[in-house]
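Please read the structure below before turning to the comments.
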């Protein structure tokens with residue numbers, strides 16, 4: 001709860017994506033059946049003469065892995081007790097801890113902002129990490145470790161900012177989806193690596209097929225070489241299109257928690273920025289890319305923090321997830337183009353034929369998703385009212401309406417409604 005008692009929550013875009021995905025559950029089940037069928041009985045003519053690939057049934061694996069993994073990750077959110085057991089066992093968390101003075105101070109601080117948050121500790125751990133996790137559908141625990149206690153003693157203001165960030169997640173119900181032990185987060189983070197592994201196996205099998213039967217045929221060798229270059233690109237665009245929206249939702253959840261941290265203690269905004277300035281910087285490119293999946297880029301987080309009290313910061317947040325839909329559309333177009341690269345190279349299909357085929361699909365796609373923009377506009381214009389009840393649902397806190405930035409909400413809703421009209425028509 002902020003000091004002025006006003007609700008600070010912005011639209012929970014991750015939850016909006018989650019509800020949309022669950023609403024499409026019947027279509028996801030049908031897609032799951034289709035993917036399993038194509039996995040067991042591949043009919044792709046491209047690989048008709050490549051016996052090893054056909055034998056091991058790996059041809060379509062990179063295509064169906066994103067949808068199945070995302071499906072499993074989302075289903076795991078519905079069973080929080082599994083994650084509770086996993087997290088508490090892995091980190092050796094207990095609620096029977098010694099109430100040393102630092103712990104008592106942390107308890108008092110949490111009671112001020114989140115009285116129903118249950119503390120679980122491992123005071124012997126040297127981890128400085130603090131995170132929330134579900135211990136039920138509307139019950140949340142916060143894990144605190146020994147090294148964080150030392151941080152609390154040495155720099156209490158910075159430690160409080162870290163706790164406020166986690167409290168921000170708690171208020172918005174993010175514990176059910178995000179954080180330690182979240183299969184959804186694991187799926188989003190590691191799917192590209194798993195897909196790359198399947199592509200590698202597939203290419204090795206094709207190479208062995210070539211060496212056994214067709215290596216003397218220069219045309220087949222060229223085809224294999226081009227396939228080796230283009231197929232990973234195709235799969236990359238397809239995978240990114242699957243995960244663009246959930247990643248945008250995850251980023252929004254982190255930015256929302258940052259905003260709560262900043263607005264809850266306005267007298268320590270400078271200190272909050274110092275805490276964000278100490279955000280972990282990954283040394284390797286791989287770790288840097290993986291970090292961007294579960295957290296927004298540090299540059300974006302700092303910019304949003306610096307301008308948190310300005311209208312442009314609110315506008316960016318309100319448009320953040322809708323813009324991800326446009327980015328997904330761009331990826332869909334890139335996927336369609338990359339899927340036809342070989343057709344363009346060998347001139348089996350020219351650009352006009354491709355456009356004649358693709359344009360109706362694109363128009364239908366835009367039309368089918370038009371009501372999504374209408375929903376976005378409704379959510380945005382009503383959220384300053386709904387936010388109070390959303391926070392009460394997960395935390396039990398009773399706050400008052402916050403209409404200070406309602407002009408930004410109204411303008412954003414108007415723009416989103418105009419996009420709906422254009423896309424529907």
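The values are calculated or read from the model by the stated rules, or taken from the named source; none is laboratory data. Everything numeric here is computed off the predicted structure, so don't read it as measured data. Counting neighbours? That spans all protein chains shown, and the Cβs are built from the backbone with ideal geometry, glycine included.
Numbers below:
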read-out: Selection status of residue 349, closer than 25 Å to residue 13 by Cβ and over 20 Å from the mean Cα position of the chain (by Cα); value: no
read-out: Given (1) under 30 Å from residue 115 (Cβ atoms); (2) without any contact (Cβ under 8 Å) to a residue 60 or more places away in the chain; (3) surrounded by fewer than 16 Cβ atoms within 10 Å (Cβ to Cβ); (4) under 24 Å from the mean Cα position of the chain (by Cα), index of the condition residue 366 fails; value: (1)
read-out: Helices (runs of 4 or more DSSP H) wholly inside region 5-74 that include at least 2 residues being at pLDDT below 75 and surrounded by fewer than 17 Cβ atoms within 10 Å (Cβ to Cβ); value: 25-40, 51-56
read-out: Candidates 181, 168 - the one that is touching a helix residue (DSSP H, G or I) at 6+ places or on another chain (Cβ under 9 Å), modelled with pLDDT under 75 and buried (at least 16 other Cβ atoms within 10 Å of the Cβ); value: 181
read-out: Condition met for residue 419 (in a helix (DSSP H, G or I) and touching a helix residue (DSSP H, G or I) at 6+ places or on another chain (Cβ under 6 Å)); value: yes
read-out: Lone unmet requirement of (1) closer than 30 Å to residue 175 by Cα; (2) touching a helix residue (DSSP H, G or I) at 6+ places or on another chain (Cβ under 7 Å) for residue 385; value: (2)
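Here's the yes/no breakdown for (1) in a helix (DSSP H, G or I); (2) more than 29 Å from residue 412 (Cβ to Cβ); (3) modelled with pLDDT under 80:
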| position | (1), (2), (3) |
| --- | --- |
| 257 | yes, no, no |
| 260 | yes, no, no |
| 281 | no, yes, yes |
| 296 | no, no, no |
| 315 | yes, no, no |
| 318 | yes, no, no |
| 329 | yes, no, no |
| 332 | yes, no, no |
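Every residue, every condition in (1) at pLDDT 65 or above; (2) more than 21 Å from residue 180 (Cα to Cα), yes or no:
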residue: 252; (1), (2): yes, no
residue: 267; (1), (2): no, yes
residue: 299; (1), (2): yes, yes
residue: 306; (1), (2): yes, yes
